[in-house]
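Report on the structure given below.
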Amino acid sequence: MSSSTDAPTNSSWYKRNEISVTPWLFLIPGVAFFLLYVIFPIFSSISVSFYDWDGLGDATYVGLGNYEELYWDDAFYTSLRNNLIWLVLYLLAIPAGLFIALFLNQTVTGIRLYKSLFFFPFVISQIVVGLVFTWFYDPTFGLLNQMLGVFGIDPINVLGDEKYVTYGIIAAGLWPQTAYCMILYLTGLNAVDPEQIEAARLDGAKGWRMLWHIIVPQLKPATFIAFVVTIIGALRSFDLISIMTNGGPFGESRVLSFYMFEVALSEYGFRMGYGASIAVVLFLIMLCFIAYFLYSMYQDDKGSR
């Protein structure tokens, strides 16, 4: 007579592999959506960039013809130059967000109110931000020119002057982007090890030395996310330009994403292949920056082990 412990194990395959299989069941929907809505459109854009296509009729294969046209396109270089300006100046949101977060991390009376005020630009729409700054820059009744008038300076048409328009739009974009970086750093400051802070104080570290050698190294994860999100935001800037200038004056405020929209989807566009070639160039620029930061983070993690 056999004991109960000798009963045959006839459980299903899933029961035997439940621990290793269950995580994949949760991952499959996310991976499927990522492949369908991210990876497939990337390869589709690369494929379309080799064709002359209006989006409706037959497509004509032109090989590298669209990229050759880009090489001689002055509007493309204007857009690329503006994207580089966006990239450099948009990074100012990171140190600005850090210093605001350090200020808001204090335990003083009314700090919650200050946090709400600095957080406000992040929650409002980019369209609202664009409209607010359009009124702010208005040469007739805008607050900027009202303040300049107090000092006897003539009104400046920021959005109508080729020299100032890109910088004016970037300033508008920095307002909510700084708030976003501030939120990242406030979260990171909550994870800073207080024992290291106390040990550094005992060793005589304070002020800039404390910030640079003790606090900032512990904020590397937040800094990495801030860099990646800010760079992507600078390279894909579209809505503020569309609302504030629509690419003007004379196309001087265009960036690659807006120029891509103009040639592919605007009233005088419908050149899907040419627009796709601009999208591919923009994607490669983003890929280079993100790959660099991922590699830097990998090297830092590898060195800290």
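The values are calculated or read from the model by the stated rules, or taken from the named source; none is laboratory data. For clarity, every value in this text was computed on a predicted model and none was experimentally measured. Quick reminder, even Gly has a Cβ in these numbers, built from the backbone with ideal geometry, and neighbours come from all protein chains shown.
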Considering only region 43-69, state which residues are within 29 Å of the chain's Cα centre (by Cα), among the small types (G, A, S) and exposed (fewer than 15 other Cβ atoms within 10 Å of the Cβ). S44, S47, G55
When restricted to M244, M297, the only residue in contact with a Leu (Cβ under 7 Å, 6 or more places away or on another chain) and closer than 30 Å to L186 by Cβ is M244
Here are some residues: T166, T187. Which one is surrounded by 12 or more Cβ atoms within 10 Å (Cβ to Cβ), farther than 30 Å from I156 by Cβ and not hydrophobic (A, V, I, L, M, F, W, C)? T187
Return yes or no: is A179 without any contact (Cβ under 8 Å) to a residue 24 or more places away in the chain and surrounded by 16 or more Cβ atoms within 10 Å (Cβ to Cβ)? no
Restricted to region 198-215, and to residues that are in a helix (DSSP H, G or I) and of a type in the set (D, E, K, R), which residue is nearest to P95 (Cα to Cα)? R209
When restricted to L240, L235, the only residue of a type outside the set (V, I, T), at pLDDT 90 or above, over 21 Å from G65 (Cβ atoms) and surrounded by 13 or more Cβ atoms within 10 Å (Cβ to Cβ) is L240
Candidates S296, S257, filtered to the one that is within 18 Å of the chain's Cα centre (by Cα), of a type in the set (S, T, Y) and either farther than 18 Å from Y67 by Cα or crowded, with 18+ Cβ neighbours inside 10 Å (or both): S257
Looking at (1) assigned to a helix (DSSP H, G or I); (2) surrounded by 12 or more Cβ atoms within 10 Å (Cβ to Cβ); (3) out of contact with any His (no Cβ under 8 Å at 6 or more places or on another chain), which is the only condition E195 fails? (2)
Go over the candidates A101, A75, A171, A93 one by one and state the one that is in contact (Cβ under 8 Å) with a residue 12 or more places away in the chain and more than 23 Å from I243 (Cα to Cα). A101
So which residues in region 219-249 are part of a loop (DSSP other than H, G, I, E, B), over 12 Å from S79 (Cα atoms), touching a residue at least 24 places away in the same chain (Cβ under 8 Å) and out of contact with any Gly (no Cβ under 6 Å at 6 or more places or on another chain)? T245
For region 70-108, give me each residue that is within 24 Å of G269 (Cα to Cα) and exposed (fewer than 14 other Cβ atoms within 10 Å of the Cβ). Y71, W72, D74, Y77
